[in-house]
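Participant: Handing you a structure now.
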Amino acid sequence: MFIEQLYTNCLSEAAYYIESEGEAAIIDPLRDIESYLKLASDRNATIKFIFETHFHANFVSGHLDLARVTGAPIVYGPDTRTTFPVHVAKHGEKFSIGKISIEVIHTPGHTLESTCFLLKNEEGINHAVFTGDTLFVGDVGRPDLSSGDMTKEELAGLLYDSLKSKIIPLEDHVIVYPAHGPGSSCGKNLGSDTFSTIGEQKKTNYALQAQTRDEFIKAVTEGLTDPPEYFQVTAKINMEGYDTLDRILEAGLTPLTVADLKKKIADDDSTLLDTRNAEIFTEGFVPGSISIGLEGRFAEWAASLLPFDSSIILVTEPGQEKETIIRLARVGFSKISGYLEGGFEAWKQAGESADIIINVETDELAMDIPYDPNLIVLDVRKEVEYSDGHVKGALNIPLGDMKDPGSMANINDNDNLYIHCGGGYRSIIASSLLKRQGIHNLRNVLGGWSKIKEEPAIATEKEASVLN
(Lines give C-alpha, C1' and ligand atoms only; values in the text may rest on other atoms or scores of the structure.)
Protein backbone atom coordinates (compact mmCIF):
# COMPACT_ATOMS: atom_id res chain seq x y z
CA MET A 1 0.00 0.00 0.00
CA PHE A 2 1.26 3.45 -0.92
CA ILE A 3 -0.35 6.80 -0.03
CA GLU A 4 0.92 10.25 -0.95
CA GLN A 5 -0.61 13.59 -0.04
CA LEU A 6 -0.07 16.17 -2.80
CA TYR A 7 -0.48 19.51 -1.04
CA THR A 8 -0.81 22.88 -2.79
CA ASN A 9 0.02 25.65 -0.32
CA CYS A 10 -1.45 28.64 -2.15
CA LEU A 11 -4.89 26.96 -2.19
CA SER A 12 -4.47 25.04 1.09
CA GLU A 13 -5.64 22.02 -0.91
CA ALA A 14 -4.74 18.36 -0.49
CA ALA A 15 -5.18 15.75 -3.19
CA TYR A 16 -4.28 12.11 -2.60
CA TYR A 17 -2.66 9.30 -4.56
CA ILE A 18 -3.44 5.77 -3.29
CA GLU A 19 -1.93 2.62 -4.77
CA SER A 20 -1.79 -1.12 -4.26
CA GLU A 21 -0.52 -3.87 -6.59
CA GLY A 22 -0.22 -1.56 -9.59
CA GLU A 23 -3.70 -0.05 -9.25
CA ALA A 24 -4.16 3.55 -8.14
CA ALA A 25 -6.88 6.01 -7.18
CA ILE A 26 -6.83 9.79 -7.01
CA ILE A 27 -8.92 11.70 -4.47
CA ASP A 28 -9.88 15.36 -5.07
CA PRO A 29 -7.45 16.12 -7.93
CA LEU A 30 -6.51 19.68 -8.89
CA ARG A 31 -7.21 21.05 -12.37
CA ASP A 32 -3.68 20.35 -13.61
CA ILE A 33 -3.29 16.59 -13.63
CA GLU A 34 0.33 16.07 -14.73
CA SER A 35 1.60 15.27 -11.23
CA TYR A 36 -0.89 12.40 -10.83
CA LEU A 37 -0.13 10.97 -14.26
CA LYS A 38 3.62 11.19 -13.62
CA LEU A 39 3.35 9.55 -10.22
CA ALA A 40 1.37 6.67 -11.68
CA SER A 41 3.78 6.33 -14.60
CA ASP A 42 6.86 6.42 -12.37
CA ARG A 43 5.37 3.69 -10.19
CA ASN A 44 4.11 1.60 -13.14
CA ALA A 45 0.55 1.89 -11.90
CA THR A 46 -2.80 2.39 -13.64
CA ILE A 47 -5.27 4.95 -12.32
CA LYS A 48 -8.44 2.94 -11.71
CA PHE A 49 -10.72 5.42 -9.89
CA ILE A 50 -11.13 9.16 -9.40
CA PHE A 51 -12.90 9.91 -6.11
CA GLU A 52 -14.52 13.27 -5.33
CA THR A 53 -15.53 14.02 -1.75
CA HIS A 54 -17.97 16.76 -2.85
CA PHE A 55 -18.40 19.64 -5.28
CA HIS A 56 -15.46 21.82 -4.31
CA ALA A 57 -16.05 25.55 -4.03
CA ASN A 58 -12.55 26.99 -3.71
CA PHE A 59 -10.92 25.30 -6.70
CA VAL A 60 -11.82 23.62 -9.97
CA SER A 61 -11.19 19.90 -9.78
CA GLY A 62 -9.23 17.96 -12.38
CA HIS A 63 -11.73 15.10 -12.41
CA LEU A 64 -12.94 15.61 -15.99
CA ASP A 65 -9.51 16.01 -17.60
CA LEU A 66 -8.13 13.08 -15.59
CA ALA A 67 -11.07 10.88 -16.63
CA ARG A 68 -10.58 11.83 -20.29
CA VAL A 69 -6.91 10.86 -20.20
CA THR A 70 -7.13 7.69 -18.08
CA GLY A 71 -10.63 6.39 -18.76
CA ALA A 72 -11.11 5.99 -15.01
CA PRO A 73 -14.64 6.56 -13.67
CA ILE A 74 -15.40 9.60 -11.51
CA VAL A 75 -16.96 8.49 -8.22
CA TYR A 76 -19.13 10.78 -6.08
CA GLY A 77 -21.20 9.95 -3.04
CA PRO A 78 -25.00 9.78 -2.68
CA ASP A 79 -27.23 12.74 -3.62
CA THR A 80 -24.82 13.87 -6.36
CA ARG A 81 -26.30 15.40 -9.52
CA THR A 82 -24.10 16.40 -12.42
CA THR A 83 -24.40 17.14 -16.14
CA PHE A 84 -21.57 14.73 -17.01
CA PRO A 85 -21.19 10.96 -16.48
CA VAL A 86 -20.21 9.88 -12.96
CA HIS A 87 -20.68 6.86 -10.75
CA VAL A 88 -22.93 7.90 -7.86
CA ALA A 89 -21.94 5.50 -5.10
CA LYS A 90 -24.20 4.18 -2.38
CA HIS A 91 -23.38 4.54 1.31
CA GLY A 92 -21.32 1.49 2.27
CA GLU A 93 -20.32 0.66 -1.30
CA LYS A 94 -16.77 -0.68 -1.60
CA PHE A 95 -14.15 -0.28 -4.35
CA SER A 96 -11.10 -2.54 -4.62
CA ILE A 97 -7.65 -1.14 -5.43
CA GLY A 98 -5.19 -4.00 -5.61
CA LYS A 99 -5.27 -5.64 -2.18
CA ILE A 100 -6.86 -2.66 -0.39
CA SER A 101 -10.35 -1.19 -0.57
CA ILE A 102 -12.23 2.09 -0.24
CA GLU A 103 -15.60 2.20 1.53
CA VAL A 104 -18.04 5.05 0.86
CA ILE A 105 -19.30 6.90 3.96
CA HIS A 106 -21.97 9.46 3.13
CA THR A 107 -21.51 12.44 5.49
CA PRO A 108 -23.88 15.26 4.47
CA GLY A 109 -23.49 18.59 6.26
CA HIS A 110 -20.85 20.66 4.54
CA THR A 111 -22.85 19.93 1.38
CA LEU A 112 -25.58 17.39 0.76
CA GLU A 113 -23.35 15.12 -1.33
CA SER A 114 -20.32 15.34 1.00
CA THR A 115 -18.76 11.93 1.37
CA CYS A 116 -15.76 10.45 3.19
CA PHE A 117 -13.76 7.53 1.84
CA LEU A 118 -12.57 4.92 4.36
CA LEU A 119 -9.41 3.08 3.34
CA LYS A 120 -9.02 -0.50 4.55
CA ASN A 121 -5.57 -2.12 4.35
CA GLU A 122 -4.64 -5.55 3.02
CA GLU A 123 -6.01 -7.21 6.17
CA GLY A 124 -9.31 -5.34 5.90
CA ILE A 125 -8.47 -3.11 8.90
CA ASN A 126 -9.50 0.55 8.84
CA HIS A 127 -6.33 2.50 8.07
CA ALA A 128 -7.27 6.05 6.98
CA VAL A 129 -10.27 8.17 6.19
CA PHE A 130 -10.27 10.84 3.48
CA THR A 131 -12.68 13.34 4.93
CA GLY A 132 -12.90 16.04 2.26
CA ASP A 133 -14.49 19.09 3.89
CA THR A 134 -16.44 17.09 6.46
CA LEU A 135 -13.62 17.00 9.01
CA PHE A 136 -10.45 19.10 9.09
CA VAL A 137 -7.61 19.16 11.56
CA GLY A 138 -9.09 21.24 14.37
CA ASP A 139 -12.28 22.16 12.53
CA VAL A 140 -15.14 21.01 10.32
CA GLY A 141 -16.47 22.21 6.98
CA ARG A 142 -18.60 25.33 6.97
CA PRO A 143 -22.30 24.53 6.54
CA ASP A 144 -23.30 27.75 4.76
CA LEU A 145 -22.34 26.94 1.18
CA SER A 146 -25.17 26.43 -1.26
CA SER A 147 -27.02 23.12 -0.93
CA GLY A 148 -30.56 23.56 -2.17
CA ASP A 149 -32.95 25.45 0.06
CA MET A 150 -31.49 24.33 3.39
CA THR A 151 -30.31 26.86 5.95
CA LYS A 152 -26.85 26.73 7.46
CA GLU A 153 -28.43 25.59 10.73
CA GLU A 154 -30.17 22.69 8.99
CA LEU A 155 -26.94 21.67 7.25
CA ALA A 156 -25.04 21.97 10.54
CA GLY A 157 -27.57 19.59 12.04
CA LEU A 158 -26.87 17.08 9.28
CA LEU A 159 -23.14 17.52 9.89
CA TYR A 160 -23.65 16.79 13.59
CA ASP A 161 -25.46 13.56 12.74
CA SER A 162 -22.77 12.55 10.22
CA LEU A 163 -19.91 13.10 12.65
CA LYS A 164 -21.62 11.49 15.61
CA SER A 165 -22.83 8.36 13.83
CA LYS A 166 -20.15 7.79 11.18
CA ILE A 167 -16.85 9.51 12.05
CA ILE A 168 -16.53 9.55 15.85
CA PRO A 169 -17.11 5.75 16.07
CA LEU A 170 -13.98 5.10 13.94
CA GLU A 171 -10.95 3.72 15.79
CA ASP A 172 -8.50 6.20 17.30
CA HIS A 173 -5.59 4.98 15.13
CA VAL A 174 -7.36 5.82 11.84
CA ILE A 175 -5.48 8.57 10.00
CA VAL A 176 -7.50 11.64 9.01
CA TYR A 177 -6.64 13.02 5.57
CA PRO A 178 -8.73 16.18 4.90
CA ALA A 179 -9.08 18.15 1.66
CA HIS A 180 -7.71 21.38 3.14
CA GLY A 181 -5.19 22.75 5.60
CA PRO A 182 -4.44 26.08 7.31
CA GLY A 183 -5.55 29.22 5.50
CA SER A 184 -8.54 27.67 3.77
CA SER A 185 -11.87 29.53 3.79
CA CYS A 186 -13.77 26.22 3.77
CA GLY A 187 -13.75 26.21 7.58
CA LYS A 188 -13.53 28.80 10.35
CA ASN A 189 -10.09 28.11 11.82
CA LEU A 190 -8.22 25.09 10.50
CA GLY A 191 -5.25 23.76 12.44
CA SER A 192 -1.64 24.01 11.32
CA ASP A 193 -1.27 20.34 10.30
CA THR A 194 -2.53 18.74 7.10
CA PHE A 195 -3.34 15.33 8.60
CA SER A 196 -4.07 13.84 12.01
CA THR A 197 -5.79 10.84 13.58
CA ILE A 198 -9.33 10.22 14.76
CA GLY A 199 -8.05 9.86 18.32
CA GLU A 200 -6.23 13.19 18.26
CA GLN A 201 -9.24 14.97 16.78
CA LYS A 202 -11.52 13.52 19.44
CA LYS A 203 -9.25 15.13 22.03
CA THR A 204 -8.62 18.52 20.39
CA ASN A 205 -11.27 19.34 17.78
CA TYR A 206 -14.05 21.48 19.27
CA ALA A 207 -16.60 19.95 16.90
CA LEU A 208 -15.99 16.39 18.12
CA GLN A 209 -16.44 17.12 21.82
CA ALA A 210 -19.45 15.89 23.78
CA GLN A 211 -22.26 18.37 23.12
CA THR A 212 -25.90 18.52 22.21
CA ARG A 213 -27.09 18.98 18.67
CA ASP A 214 -28.09 22.59 19.38
CA GLU A 215 -24.74 23.34 21.02
CA PHE A 216 -22.92 21.94 17.98
CA ILE A 217 -25.03 23.96 15.54
CA LYS A 218 -24.28 27.14 17.46
CA ALA A 219 -20.56 26.35 17.66
CA VAL A 220 -20.08 25.74 13.93
CA THR A 221 -22.30 28.58 12.68
CA GLU A 222 -21.35 31.31 15.15
CA GLY A 223 -18.77 33.76 13.84
CA LEU A 224 -18.81 32.54 10.25
CA THR A 225 -17.65 35.23 7.86
CA ASP A 226 -19.19 35.38 4.40
CA PRO A 227 -17.60 32.88 1.99
CA PRO A 228 -15.70 34.37 -0.95
CA GLU A 229 -18.03 35.27 -3.82
CA TYR A 230 -16.10 33.12 -6.28
CA PHE A 231 -17.04 29.96 -4.37
CA GLN A 232 -20.37 29.93 -6.22
CA VAL A 233 -18.58 30.15 -9.57
CA THR A 234 -16.15 27.30 -8.96
CA ALA A 235 -18.77 25.03 -7.37
CA LYS A 236 -20.98 25.50 -10.44
CA ILE A 237 -18.06 24.70 -12.77
CA ASN A 238 -17.31 21.50 -10.84
CA MET A 239 -20.97 20.52 -11.04
CA GLU A 240 -21.57 21.36 -14.71
CA GLY A 241 -18.17 20.78 -16.35
CA TYR A 242 -15.58 22.91 -18.11
CA ASP A 243 -13.32 23.34 -21.13
CA THR A 244 -10.08 21.35 -21.20
CA LEU A 245 -6.97 22.86 -19.65
CA ASP A 246 -5.13 22.29 -22.94
CA ARG A 247 -7.47 24.66 -24.75
CA ILE A 248 -7.11 27.32 -22.08
CA LEU A 249 -3.32 27.02 -22.29
CA GLU A 250 -3.39 27.23 -26.08
CA ALA A 251 -5.23 30.57 -25.99
CA GLY A 252 -3.37 31.94 -22.98
CA LEU A 253 0.08 31.20 -24.39
CA THR A 254 -0.47 33.55 -27.33
CA PRO A 255 2.43 36.06 -27.36
CA LEU A 256 1.39 39.70 -27.78
CA THR A 257 3.49 42.64 -28.87
CA VAL A 258 3.12 45.99 -27.11
CA ALA A 259 0.96 47.15 -30.01
CA ASP A 260 -1.20 44.01 -29.76
CA LEU A 261 -1.67 44.54 -26.04
CA LYS A 262 -2.70 48.18 -26.42
CA LYS A 263 -5.20 47.28 -29.14
CA LYS A 264 -6.79 44.46 -27.15
CA ILE A 265 -7.21 46.65 -24.09
CA ALA A 266 -8.81 49.38 -26.20
CA ASP A 267 -11.06 46.97 -28.12
CA ASP A 268 -12.46 44.68 -25.44
CA ASP A 269 -11.63 46.28 -22.08
CA SER A 270 -9.42 43.36 -21.07
CA THR A 271 -8.03 43.08 -17.55
CA LEU A 272 -4.25 43.44 -17.47
CA LEU A 273 -2.84 41.20 -14.75
CA ASP A 274 0.78 41.56 -13.61
CA THR A 275 2.00 38.49 -11.70
CA ARG A 276 5.58 39.59 -10.98
CA ASN A 277 6.83 39.83 -7.41
CA ALA A 278 4.98 42.61 -5.60
CA GLU A 279 8.12 44.59 -4.74
CA ILE A 280 9.33 44.45 -8.35
CA PHE A 281 5.91 45.63 -9.51
CA THR A 282 6.18 48.82 -7.45
CA GLU A 283 9.31 49.84 -9.35
CA GLY A 284 7.46 50.06 -12.65
CA PHE A 285 4.39 48.62 -14.37
CA VAL A 286 2.03 49.11 -17.30
CA PRO A 287 -0.51 51.78 -16.26
CA GLY A 288 -3.87 50.27 -15.36
CA SER A 289 -2.52 46.81 -14.58
CA ILE A 290 -3.47 44.91 -11.44
CA SER A 291 -0.73 43.36 -9.34
CA ILE A 292 -1.30 39.88 -7.91
CA GLY A 293 2.10 38.29 -7.44
CA LEU A 294 2.63 34.56 -7.85
CA GLU A 295 4.53 34.51 -4.55
CA GLY A 296 1.38 34.88 -2.43
CA ARG A 297 -2.07 33.26 -2.34
CA PHE A 298 -2.29 34.17 -5.99
CA ALA A 299 -5.20 32.10 -7.24
CA GLU A 300 -7.49 32.97 -4.32
CA TRP A 301 -6.93 36.71 -4.69
CA ALA A 302 -7.33 36.54 -8.45
CA ALA A 303 -10.66 34.76 -8.03
CA SER A 304 -11.76 37.21 -5.33
CA LEU A 305 -10.91 40.37 -7.26
CA LEU A 306 -10.99 39.75 -11.03
CA PRO A 307 -14.07 39.31 -13.24
CA PHE A 308 -14.57 35.82 -14.66
CA ASP A 309 -16.45 37.07 -17.70
CA SER A 310 -13.83 39.37 -19.21
CA SER A 311 -10.59 38.62 -21.02
CA ILE A 312 -7.32 38.58 -19.07
CA ILE A 313 -3.95 39.58 -20.54
CA LEU A 314 -0.84 38.63 -18.59
CA VAL A 315 2.37 40.44 -17.75
CA THR A 316 4.71 37.92 -16.12
CA GLU A 317 8.35 37.26 -15.58
CA PRO A 318 9.50 35.61 -18.83
CA GLY A 319 9.03 31.86 -18.48
CA GLN A 320 6.20 32.05 -15.91
CA GLU A 321 3.35 32.35 -18.41
CA LYS A 322 2.27 28.69 -18.25
CA GLU A 323 2.43 28.52 -14.48
CA THR A 324 0.28 31.64 -14.26
CA ILE A 325 -2.37 30.25 -16.62
CA ILE A 326 -2.54 26.93 -14.78
CA ARG A 327 -2.94 28.63 -11.41
CA LEU A 328 -5.71 30.84 -12.80
CA ALA A 329 -7.45 27.83 -14.34
CA ARG A 330 -7.39 26.10 -10.94
CA VAL A 331 -9.98 28.60 -9.71
CA GLY A 332 -12.11 28.77 -12.84
CA PHE A 333 -10.58 31.37 -15.16
CA SER A 334 -10.81 30.33 -18.81
CA LYS A 335 -10.74 33.61 -20.79
CA ILE A 336 -7.00 34.23 -20.89
CA SER A 337 -6.19 35.74 -24.25
CA GLY A 338 -2.41 36.06 -24.22
CA TYR A 339 0.66 37.52 -22.56
CA LEU A 340 2.98 40.47 -23.19
CA GLU A 341 5.96 38.94 -24.96
CA GLY A 342 9.14 40.01 -23.22
CA GLY A 343 7.20 41.14 -20.15
CA PHE A 344 7.41 44.62 -18.68
CA GLU A 345 10.91 45.06 -20.11
CA ALA A 346 9.39 44.99 -23.62
CA TRP A 347 6.98 47.75 -22.57
CA LYS A 348 9.86 49.92 -21.36
CA GLN A 349 11.96 49.28 -24.45
CA ALA A 350 9.04 50.34 -26.63
CA GLY A 351 9.25 53.77 -25.00
CA GLU A 352 5.84 53.51 -23.35
CA SER A 353 5.09 55.40 -20.13
CA ALA A 354 5.15 53.43 -16.89
CA ASP A 355 3.61 53.90 -13.46
CA ILE A 356 5.19 53.26 -10.04
CA ILE A 357 4.11 52.85 -6.43
CA ILE A 358 6.09 54.77 -3.82
CA ASN A 359 7.26 52.64 -0.90
CA VAL A 360 7.90 54.19 2.52
CA GLU A 361 9.28 52.89 5.78
CA THR A 362 7.27 53.05 9.00
CA ASP A 363 9.44 55.85 10.41
CA GLU A 364 8.37 58.12 7.53
CA LEU A 365 4.74 57.36 8.29
CA ALA A 366 5.38 58.16 11.94
CA MET A 367 6.90 61.53 11.01
CA ASP A 368 4.06 62.48 8.65
CA ILE A 369 1.05 61.55 10.80
CA PRO A 370 1.22 64.56 13.21
CA TYR A 371 1.77 67.18 10.51
CA ASP A 372 -0.40 66.15 7.54
CA PRO A 373 -4.11 66.90 8.04
CA ASN A 374 -4.96 65.08 4.79
CA LEU A 375 -3.10 61.90 5.72
CA ILE A 376 -5.22 58.75 5.82
CA VAL A 377 -3.87 55.38 6.88
CA LEU A 378 -5.70 52.78 4.78
CA ASP A 379 -5.64 49.32 6.36
CA VAL A 380 -6.64 46.62 3.83
CA ARG A 381 -6.49 43.66 6.21
CA LYS A 382 -9.57 41.64 7.15
CA GLU A 383 -11.88 43.13 9.77
CA VAL A 384 -10.82 40.55 12.36
CA GLU A 385 -7.16 41.51 11.86
CA TYR A 386 -8.03 45.20 12.10
CA SER A 387 -10.01 44.63 15.30
CA ASP A 388 -7.03 42.93 16.90
CA GLY A 389 -4.93 46.08 16.50
CA HIS A 390 -4.58 48.99 14.09
CA VAL A 391 -3.22 52.50 13.66
CA LYS A 392 -5.37 54.91 15.61
CA GLY A 393 -7.99 56.42 13.30
CA ALA A 394 -7.09 54.18 10.36
CA LEU A 395 -9.65 53.52 7.65
CA ASN A 396 -10.35 49.83 7.12
CA ILE A 397 -11.33 48.63 3.64
CA PRO A 398 -10.57 44.89 3.45
CA LEU A 399 -8.88 43.98 0.19
CA GLY A 400 -11.66 41.56 -0.71
CA ASP A 401 -14.15 44.46 -0.72
CA MET A 402 -12.08 46.41 -3.23
CA LYS A 403 -13.42 44.36 -6.13
CA ASP A 404 -16.26 46.87 -5.97
CA PRO A 405 -14.99 50.33 -6.99
CA GLY A 406 -17.71 51.78 -4.77
CA SER A 407 -15.66 50.74 -1.74
CA MET A 408 -13.22 53.53 -2.66
CA ALA A 409 -15.89 56.18 -3.26
CA ASN A 410 -15.19 58.11 -0.06
CA ILE A 411 -11.51 58.64 -0.88
CA ASN A 412 -10.92 62.24 -2.01
CA ASP A 413 -8.39 63.60 -4.48
CA ASN A 414 -6.56 65.54 -1.77
CA ASP A 415 -6.25 62.58 0.61
CA ASN A 416 -2.69 61.38 1.17
CA LEU A 417 -3.06 57.62 1.45
CA TYR A 418 -0.61 55.43 3.34
CA ILE A 419 -1.64 51.86 2.57
CA HIS A 420 -0.70 48.75 4.52
CA CYS A 421 -1.74 45.16 5.15
CA GLY A 422 -0.13 42.53 7.36
CA GLY A 423 3.20 42.17 5.61
CA GLY A 424 3.12 43.90 2.23
CA TYR A 425 1.56 41.56 -0.33
CA ARG A 426 -2.08 42.67 -0.10
CA SER A 427 -1.26 46.39 0.11
CA ILE A 428 0.44 46.26 -3.30
CA ILE A 429 -2.64 44.63 -4.80
CA ALA A 430 -4.78 47.33 -3.17
CA SER A 431 -2.51 50.11 -4.43
CA SER A 432 -2.78 48.81 -7.99
CA LEU A 433 -6.57 48.69 -7.73
CA LEU A 434 -6.67 52.27 -6.44
CA LYS A 435 -4.41 53.48 -9.23
CA ARG A 436 -6.60 51.70 -11.76
CA GLN A 437 -9.48 53.83 -10.42
CA GLY A 438 -7.45 57.01 -10.90
CA ILE A 439 -6.36 57.39 -7.26
CA HIS A 440 -2.62 58.07 -7.46
CA ASN A 441 -1.80 60.01 -4.31
CA LEU A 442 -0.73 56.99 -2.32
CA ARG A 443 2.22 55.29 -0.67
CA ASN A 444 2.77 51.69 0.33
CA VAL A 445 4.05 51.12 3.88
CA LEU A 446 6.78 48.48 3.72
CA GLY A 447 6.38 45.57 6.12
CA GLY A 448 2.77 46.44 6.89
CA TRP A 449 1.29 45.94 10.32
CA SER A 450 4.13 43.63 11.35
CA LYS A 451 6.47 46.65 11.21
CA ILE A 452 3.98 49.36 12.19
CA LYS A 453 3.15 47.76 15.54
CA GLU A 454 6.86 47.83 16.43
CA GLU A 455 7.13 51.58 15.71
CA PRO A 456 6.76 53.38 19.09
CA ALA A 457 5.96 56.74 17.50
CA ILE A 458 2.77 55.44 15.84
CA ALA A 459 -0.31 55.35 18.08
CA THR A 460 -2.32 52.12 17.82
CA GLU A 461 -5.54 50.83 19.29
CA LYS A 462 -7.61 47.65 19.44
CA GLU A 463 -11.14 48.99 19.32
CA ALA A 464 -13.15 47.41 16.53
CA SER A 465 -14.18 50.71 14.94
CA VAL A 466 -14.35 49.60 11.29
CA LEU A 467 -14.89 52.63 9.07
CA ASN A 468 -16.36 52.51 5.58
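The values are calculated or read from the model by the stated rules, or taken from the named source; none is laboratory data. Every value quoted in this text rests on a predicted model; they were computed, and no experiment measured them. Cβ placement follows ideal geometry from the backbone for every residue including glycine, while neighbour counts extend to all protein chains displayed. Please note that ligands, DNA and RNA were not included when accessible areas were found on the heavy atoms of the full protein model with its side chains. Shrake-Rupley method; radii C 1.70, N 1.55, O 1.52, S 1.80 Å.
Participant: Kindly check whether there is at least one residue in the range 6-13 that is at pLDDT below 95 and loosely packed, with under 15 Cβ neighbours inside 10 Å.
Facilitator: yes
Participant: Report yes if Lys322 is open to solvent by 40 Å² or more (accessible area, probe 1.4 Å), at negative phi, at pLDDT 95 or above and under 27 Å from the mean Cα position of the chain (by Cα), otherwise no.
Facilitator: On the way: open to solvent by 40 Å² or more (accessible area, probe 1.4 Å): yes; at negative phi: yes; at pLDDT 95 or above: yes; under 27 Å from the mean Cα position of the chain (by Cα): yes.
Spelling it out, Lys322 is indeed open to solvent by 40 Å² or more (accessible area, probe 1.4 Å), at negative phi, at pLDDT 95 or above and under 27 Å from the mean Cα position of the chain (by Cα).
Participant: So how many residues does the range 17-32 have that are in a strand (DSSP E or B), of a type outside the set (Ser, Thr, Tyr) and either in contact with a Phe, Trp or Tyr (Cβ under 7 Å, 6 or more places away or on another chain) or closer than 21 Å to Val331 by Cα (or both)? Before the answer, list the steps.
Facilitator: Filtering the range 17-32 down to residues in a strand (DSSP E or B) leaves 17-20, 23-27, 30.
Remaining after also requiring of a type outside the set (Ser, Thr, Tyr): 18-19, 23-27, 30.
Imposing the further condition that a residue be either in contact with a Phe, Trp or Tyr (Cβ under 7 Å, 6 or more places away or on another chain) or closer than 21 Å to Val331 by Cα (or both) reduces the set to 19, 24-27, 30.
Adding up the residues that qualify gives 6.
Participant: Can I ask one more? Please enumerate the residues belonging to the range 272-293 that are of a type in the set (Val, Ile, Thr) and under 20 Å from the mean Cα position of the chain (by Cα).
Facilitator: So the first thing to find is which residues in the range 272-293 are of a type in the set (Val, Ile, Thr), and the list is 275, 280, 282, 286, 290, 292.
Within the range 272-293, Thr275, Ile290, Ile292 qualify.
Participant: Could you list all residues from the range 343-353 that are open to solvent by less than 60 Å² (accessible area, probe 1.4 Å) and out of contact with any Asp or Glu (no Cβ under 8 Å at 6 or more places or on another chain)? Working first, answer last.
Facilitator: We begin by selecting, within the range 343-353, every residue open to solvent by less than 60 Å² (accessible area, probe 1.4 Å); these are 343-344, 346-347, 350, 352.
Scanning the range 343-353 gives Ala346, Trp347, Ala350, Glu352.
Participant: If you don't mind, another one. Got a number for residues in the range 39-95 being under 16 Å from Asp28 (Cβ atoms), part of a loop (DSSP other than H, G, I, E, B), within 25 Å of the chain's Cα centre (by Cα) and not small (Gly, Ala, Ser)?
Facilitator: So the count comes out to 10.
Participant: Hey, another quick one. Under 6 Å by Cβ, and 6 or more places apart or on different chains, what pairs join a residue from the range 277-289 that is under 15 Å from Val360 (Cα atoms) with one that is of a type in the set (Phe, Trp, Tyr)?
Facilitator: From the range 277-289, the pairs are Ala278/Tyr425.
Participant: Considering only residues of the range 399-422 that are modelled with pLDDT under 95, in a loop (DSSP other than H, G, I, E, B) and not polar (S, T, N, Q), which is surrounded by the most Cβ atoms within 10 Å (Cβ to Cβ)?
Facilitator: Here the residue is Ile411.
Participant: Oh, and also: Could you count how many residues in the range 43-62 are in contact with a strand residue (DSSP E or B) (Cβ under 7 Å, 6 or more places away or on another chain) and open to solvent by 20 Å² or more (accessible area, probe 1.4 Å)?
Facilitator: So the count comes out to 4.
Participant: Same structure, new question: Would you be able to tell me the number of residues in the range 207-224 that are open to solvent by 30 Å² or more (accessible area, probe 1.4 Å) and touching a residue at least 40 places away in the same chain (Cβ under 8 Å)?
Facilitator: Result for the range 207-224: 2.
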